[in-house]
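Participant: Pasting a structure below so you can have a look.
The values are calculated or read from the model by the stated rules, or taken from the named source; none is laboratory data. Worth saying up front: this structure is predicted, and the values here are computed from it rather than measured. Note that we place each Cβ from the backbone using ideal geometry, even for glycine, and neighbour counts take in every protein chain shown. Ligands, DNA and RNA are stripped out before the accessible areas are found, and what is left, the full protein with its side chains, is counted by its heavy atoms. Shrake-Rupley method; radii C 1.70, N 1.55, O 1.52, S 1.80 Å.
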Amino acid sequence: MKEIIIDVALGSNRVAVLEDGELVEFYIENPGTERLVGNIYRGKVSSVLPGMQAAFIDIGHDKNAFLYVDEAVSDEDEEVYHELKKTKIEQILKPGQSVTVQVIKDPIDTKGPRVTTQLTLPGRHLVLIPDAEYIGVSRRIGSDAERSRLRALAESVKPKKMGLIVRTASEGMTVEDFKSDVKFLLNHWKKIKKKEKYGFVPRCLHKDLSLIYRTVRDMFTPEVDRLVINNNEEYREIIDMVDMLSPKLKNRVTCYSKQEEIFQKYNIDSQLKKVLSRKVWLKCGGYIIIDKTEALTVIDVNTGKYVGSVNLEKTILKANIEAAEEIAKQLRLRDIGGIIVIDFIDMEVKSHQREVLSKLKNALSKDRTKSIVVGMTGLGLIELTRKKVTPGLNAFMTAECPFCDGTGKIQAPESIALKIEKKIGEYAARKSREALKIEAHPSVAALLSGSGGKNLKLLQRKYKRKIQIITNNDLYNNEVIINGEEVDMLS
């Protein structure tokens, strides 16, 4: 049972994909955080970097877009591709030059969006490639016979000097379906080319659909048993869109109108809490730990409470197999991209290593985003990459902690108490007033006072000042007030 549940709330749209009631994909779109991927811009070359073989393109975003030389020239065949390797970015682009680009990766952290000049326009069944004569078929269509049939249909409708990619939703479609898709995409491409000629630079030539309608176009396929949305106006828009794209699926669209929150009804909210957790428990009693760094994501597998019943190797194998399936699910659910390193529990038996690797690859094949399992390192770590298009779910649902600077750790009370003592020394050296009134978190105040006020007496003797320690429950661990003045303890 596969369902798509859409929650339309004030200023925020959320999409959940369920398989047998279990949350497997989740997307959110807030005001000001709409994704740029798929948008086409007429931009201006801001600077060319020969040393990096790349250029910065001003597309009107607050951060300039990044264009690699590989993405600056069409690579429609092998010969052109090899010539491209010899081509230098300074031979293609000059500062101030206007260029049409498409966003292929959203801004992530301090990096701006990544763009390409190799444009694509997605339809329901086909993707139009205006500048390359190429026919491709989605890797998710498994049947060789169906792939051959769809390739032949695409060849018959392919516009001259253009290319097409057959999408997963095309399975079982006819040549008439392809013709209507090509007609729509060609008309849209003509409008973009017309916009390209006139107007200020930078400017947006084409904006991809919003989350709700992108979901209907890209994900609402015959595999989906039901699509439920809690907004009547959006429901009518979806019905019109489905009527145009896949009329047979209209009866699978439902408008939810009950008082109970839609995400509560489908038990999504409770499952979402686990998405933000660093530790994910396995059914067997083991668990995985997911840690994200700027360079890569590290996943550690542990047996936890699981002790097995046969022998050590069987126990480790069961925990690792369950972990492999859960890891694939979490990568998909959290939309984790880039380099991923997995530290499975050490396996001595080679056949067990191969079995776990096979389970991981099989579980990853269900993901719409492409992953490549590189293999096992000499240290027994599994390396893989997953295409990184967005910053990931964590970036949309969490904010960096201002106290721990995103590390998840704060300074120990002992460390803060030591810093306060140094501050007392500074105050005693430069202030004329006799007494010092210090307000601190209970754990820090207890250390400063000491058992029976022993530490406080030592401080007063050392700095020849009367010192008053006050416990303040409203302060955080690293917040301190000295004589009414808040003092920075992080520096």
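Participant: Of all residues in the stretch 445-468, which are open to solvent by 60 Å² or more (accessible area, probe 1.4 Å), more than 30 Å from THR407 (Cβ to Cβ) and of a type in the set (Gly, Ala, Ser)?
Facilitator: Within the stretch 445-468, SER451, GLY452 qualify.
Participant: May I pose another question? Residues being in contact (Cβ under 8 Å) with a residue 40 or more places away in the chain and on the phi < 0 side of the Ramachandran plot: count how many of those fall in the stretch 262-272. Give the derivation first.
Facilitator: At the first step, the residues of the stretch 262-272 found to be in contact (Cβ under 8 Å) with a residue 40 or more places away in the chain are 262-263, 266-268, 271-272.
Those still in the list that are on the phi < 0 side of the Ramachandran plot too: 262-263, 266, 268, 271-272.
Here the count works out to 6.
Participant: Is there a residue being small (Gly, Ala, Ser) and crowded, with 16+ Cβ neighbours inside 10 Å anywhere in the stretch 259-280?
Facilitator: Scanning the stretch 259-280, I find no residue that is small (Gly, Ala, Ser) and crowded, with 16+ Cβ neighbours inside 10 Å, so the answer is no.
Participant: Taking the stretch 83-99, which residues are open to solvent by 100 Å² or more (accessible area, probe 1.4 Å) and either at pLDDT 90 or above or in contact with a strand residue (DSSP E or B) (Cβ under 6 Å, 6 or more places away or on another chain) (or both)?
Facilitator: Hit for the stretch 83-99 is LYS94, nothing else.
Participant: Another question, if that's okay. Looking only at the stretch 336-356, count how many residues are buried (at least 17 other Cβ atoms within 10 Å of the Cβ) and in contact with a helix residue (DSSP H, G or I) (Cβ under 8 Å, 6 or more places away or on another chain).
Facilitator: Summing the residues that are buried (at least 17 other Cβ atoms within 10 Å of the Cβ) and in contact with a helix residue (DSSP H, G or I) (Cβ under 8 Å, 6 or more places away or on another chain) in the stretch 336-356 gives 8.
Participant: Continuing with the same structure: What tally of residues in the stretch 12-36 results from selecting those that are more than 28 Å from ASP225 (Cα to Cα) and either modelled with pLDDT of 90 or more or of a type in the set (Gly, Ala, Ser) (or both)?
Facilitator: As a first pass, look at the stretch 12-36 and keep what is more than 28 Å from ASP225 (Cα to Cα): 31-33, 36.
Of the ones still in play, those that are also either modelled with pLDDT of 90 or more or of a type in the set (Gly, Ala, Ser) (or both) are 32, 36.
Of the residues in the stretch 12-36, 2 are more than 28 Å from ASP225 (Cα to Cα) and either modelled with pLDDT of 90 or more or of a type in the set (Gly, Ala, Ser) (or both).
Participant: Could you grab the pairs with beta carbons closer than 6 Å, sequence gap of 6+ or different chains, first residue in the stretch 163-188 and of a type in the set (Ser, Thr, Tyr), second one in a loop (DSSP other than H, G, I, E, B)?
Facilitator: THR168/SER138; THR168/ARG140; SER170/HIS125
Participant: If you don't mind, another one. Residue under question is LEU436, and the condition is that it be open to solvent by 60 Å² or more (accessible area, probe 1.4 Å) and more than 30 Å from PRO107 (Cα to Cα); does it hold? If you could, list the steps in order and put the result at the bottom.
Facilitator: Values: open to solvent by 60 Å² or more (accessible area, probe 1.4 Å): no; more than 30 Å from PRO107 (Cα to Cα): yes.
No, not satisfied.
Participant: Sort through VAL17, VAL8 and tell me the only one that's open to solvent by less than 10 Å² (accessible area, probe 1.4 Å) and aliphatic (A, V, I, L, M). So that I can check it myself, show each step before the final result.
Facilitator: Details: VAL8 fails: open to solvent by less than 10 Å² (accessible area, probe 1.4 Å).
The match here is VAL17.
Participant: Run down GLU383, GLU439 and say which single residue is farther than 22 Å from ASN472 by Cα, touching a Gly at 6+ places or on another chain (Cβ under 9 Å) and of a type in the set (Asp, Glu). Steps first, please.
Facilitator: Details: GLU439 fails: farther than 22 Å from ASN472 by Cα.
Only one candidate qualifies: GLU383.
Participant: Those residues that are under 13 Å from ALA417 (Cα atoms), under 43 Å from the mean Cα position of the chain (by Cα) and either of a type in the set (D, E, K, R) or assigned to a loop (DSSP other than H, G, I, E, B) (or both), I need them from the stretch 435-475; list them, please.
Facilitator: The answer is GLU439, HIS441.
Participant: Tell me, please, whether a residue that is open to solvent by 60 Å² or more (accessible area, probe 1.4 Å) and modelled with pLDDT under 90 can be found in the stretch 222-229. Can you show your working first?
Facilitator: Step one: filter the stretch 222-229 for residues open to solvent by 60 Å² or more (accessible area, probe 1.4 Å), giving 222-223, 225-226.
Applying the additional criterion that residues be modelled with pLDDT under 90 yields 222-223.
Yes.
Participant: I need the strands (runs of 3 or more DSSP E) fully contained in the stretch 1-55, keeping only those with at least 1 residues that are closer than 30 Å to GLU90 by Cβ and either in contact with a Cys (Cβ under 7 Å, 6 or more places away or on another chain) or in contact (Cβ under 8 Å) with a residue 60 or more places away in the chain (or both). Quick ask: steps written out before the conclusion?
Facilitator: Details: elements: 2-9, 12-19, 22-29, 40-49.
In the stretch 1-55, 40-49 are the strands (runs of 3 or more DSSP E) which contain 1 or more residues that are closer than 30 Å to GLU90 by Cβ and either in contact with a Cys (Cβ under 7 Å, 6 or more places away or on another chain) or in contact (Cβ under 8 Å) with a residue 60 or more places away in the chain (or both).
Participant: Please state which one of GLN411, GLN353 is more than 28 Å from the chain's Cα centre (by Cα) and over 25 Å from THR293 (Cα atoms). Before the answer, list the steps.
Facilitator: Details: GLN411 fails: over 25 Å from THR293 (Cα atoms).
Exactly one of GLN411, GLN353 is more than 28 Å from the chain's Cα centre (by Cα) and over 25 Å from THR293 (Cα atoms), namely GLN353.
Participant: Let me ask you something else. Name every residue in the stretch 183-195 that is open to solvent by less than 100 Å² (accessible area, probe 1.4 Å) and over 31 Å from the mean Cα position of the chain (by Cα), in order of residue number. Even if it seems obvious, please write down each step before you answer.
Facilitator: In the first step, residues of the stretch 183-195 are kept if they are open to solvent by less than 100 Å² (accessible area, probe 1.4 Å); the result is 185-189, 192-193.
Hits for the stretch 183-195 are LEU186, ASN187, LYS193.
Participant: Looking for whichever is open to solvent by 60 Å² or more (accessible area, probe 1.4 Å), touching a helix residue (DSSP H, G or I) at 6+ places or on another chain (Cβ under 6 Å) and of a type outside the set (Phe, Trp, Tyr) here; the options are THR398, THR407, THR471. Which one fits?
Facilitator: Working: THR398 fails: touching a helix residue (DSSP H, G or I) at 6+ places or on another chain (Cβ under 6 Å); THR407 fails: touching a helix residue (DSSP H, G or I) at 6+ places or on another chain (Cβ under 6 Å).
One residue alone meets the criteria, THR471.
Participant: So in the stretch 359-381, with the set limited to residues that are modelled with pLDDT of 90 or more and closer than 19 Å to THR315 by Cβ, which one is surrounded by the most Cβ atoms within 10 Å (Cβ to Cβ)?
Facilitator: Among those residues, the one meeting the criterion is LEU360.
Participant: Would you list the strands (runs of 3 or more DSSP E) that sit entirely within the stretch 273-367 and hold 1 or more residues that are touching a residue at least 60 places away in the same chain (Cβ under 8 Å)? Talk me through it step by step, then tell me what you get.
Facilitator: Working: elements: 279-281, 287-292, 296-302, 338-343.
Those strands (runs of 3 or more DSSP E) span 287-292.
Participant: If you go through the stretch 380-388 one residue at a time, do you hit one that is touching a residue at least 24 places away in the same chain (Cβ under 8 Å), farther than 30 Å from LYS111 by Cβ and in a helix (DSSP H, G or I)?
Facilitator: The first filter runs over the stretch 380-388 and keeps only residues touching a residue at least 24 places away in the same chain (Cβ under 8 Å), leaving 380-388.
Narrowing further to those that are farther than 30 Å from LYS111 by Cβ: 380.
So of that shortlist, the ones also in a helix (DSSP H, G or I) come out as none.
No; the residues of the stretch 380-388 include none that is touching a residue at least 24 places away in the same chain (Cβ under 8 Å), farther than 30 Å from LYS111 by Cβ and in a helix (DSSP H, G or I).
Participant: Sticking with this one: Could you tell me whether PRO130 is without any contact (Cβ under 8 Å) to a residue 60 or more places away in the chain and within 29 Å of the chain's Cα centre (by Cα)?
Facilitator: Details: without any contact (Cβ under 8 Å) to a residue 60 or more places away in the chain: yes; within 29 Å of the chain's Cα centre (by Cα): yes.
Yes, satisfied.
Participant: Also, quick follow-up: Hey, can you tell me all the residues within the stretch 100-121 that are at pLDDT below 85 and either closer than 22 Å to LYS195 by Cα or assigned to a strand (DSSP E or B) (or both)?
Facilitator: Of the stretch 100-121, the ones at pLDDT below 85 are 108-110.
Across the stretch 100-121, the qualifying residue is only ILE108.
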